[in-house]
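The next block holds one structure in the form of structure tokens; read it before the comments.
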Amino acid sequence: MRSVLLRCYPARWRARYGDEFGAILEERPLGPFDVLDILLGAIDAQLRSSGRGAGIREAKGFSMSLRIGGIAAILAAPLLALAWFLGYGLMTIDPVVPGVLLLAGLSLLLVAVAGLTAFQARTDPHVTWAAFAVPAIGLVVFVIGAAATVVTGDDYWELTMLGVLTGVVGSALFAIVTYRTAVLSRGAAMLIGVGSVLPFVAGVTSVYALLVVAIICFLLGWFALGVQAIRLDRPMNEPRPA
């Protein structure tokens with residue numbers, strides 16, 4: 001993968017920065033956000049055909065990943081919780097609204113997982129990539145189900161629900177990664193894990209009160225991780241004394 005990422009950059013850029021950048025990539029496993037950041041850098045370098053001003057952004061990338069991941073986590077949790085609440089039909093509302101909220105929440109959840117696993121990928125790269133890939137697949141399945149409903153007029157509820165549940169499984173994997181690496185709060189990881197497992201327990205046991213507990217744990221866990229990530233990002237961006 002590293003050689004493929006390097007080839008995305010123009011030849012003049014590789015001639016100037018290739019060896020140094022390649023050494024940086026070899027120092028640690030790459031997480032989803034790392035790959036995204038490298039690809040964005042490659043696009044920037046391609047747009048600057050001379051290669052000037054498109055230097056290595058590695059030091060900036062990890063700080064940015066924490067901030068973006070933290071903000072996405074804080075926004076994703078309440079959107080998903082609200083979508084689940086409205087989806088139960090407790091209020092008279094256009095059924096499109098929960099779907100839009102779910103789409104936004106799952107998208108932000110994917111961004112949160114990508115951003116918050118930037119440091120964790122160094123310790124457990126395989127599970128980290130699985131934690132990213134599973135909700136990504138869930139998002140694609142959800143979009144396909146929603147698009148099929150809009151185009152055909154039929155109810156593809158099972159397909160969209162499968163996408164949501166796949167995203168929940170991805171959250172459980174992320175909770176495992178977070179707990180094992182201990183880079184971020186283990187308590188928040190446990191809340192996310194409980195919130196991700198309880199919906200399946202509720203489905204098997206028909207104790208649907210567990211869904212309320214699941215939503216609360218899921219919401220608190222992601223919100224806590226988001227706040228922690230933003231706080232961790234601040235010292236990185238504070239100017240150092242001369």
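The values are calculated or read from the model by the stated rules, or taken from the named source; none is laboratory data. Just so we're clear, the structure is a prediction, and the values are computed from it rather than from any experiment. For neighbour counting, all protein chains shown are included, and Cβ atoms are generated from backbone atoms with ideal geometry for every residue, glycine included.
Tabulated values for the structure
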read-out	value
Matching residues, segment 148-166, being assigned to a helix (DSSP H, G or I) and loosely packed, with under 13 Cβ neighbours inside 10 Å	V150, V151, T152, W157, E158
Among residues of segment 181-228, those that are part of a helix (DSSP H, G or I), over 22 Å from I137 (Cβ atoms) and not hydrophobic (A, V, I, L, M, F, W, C), counted	6
Check on L198, closer than 22 Å to L108 by Cβ and of a type outside the set (G, A, S)	yes
Filter result (free of Cβ contacts under 8 Å to residues at least 40 places away in the same chain and in contact with a helix residue (DSSP H, G or I) (Cβ under 6 Å, 6 or more places away or on another chain)) within segment 153-167	Y156, L159, L162, T166
In segment 168-186, residue farthest from G87 (Cα to Cα) [restricted to those that are without any contact (Cβ under 8 Å) to a residue 24 or more places away in the chain and not basic (K, R)]	A182
Count - residues of segment 181-194 that are under 26 Å from G163 (Cα atoms) and out of contact with any Gly (no Cβ under 6 Å at 6 or more places or on another chain)	4
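So that you can scan it fast, the table gives a plain yes or no per residue for (1) modelled with pLDDT of 70 or more; (2) more than 25 Å from the chain's Cα centre (by Cα); (3) surrounded by fewer than 19 Cβ atoms within 10 Å (Cβ to Cβ); (4) within 17 Å of F132 (Cα to Cα):
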residue	(1), (2), (3), (4)
R2	yes, no, yes, no
C8	yes, no, yes, no
L25	yes, no, yes, no
L40	no, no, yes, no
I68	yes, no, no, yes
A73	yes, no, no, yes
V97	yes, no, yes, no
V111	yes, no, no, yes
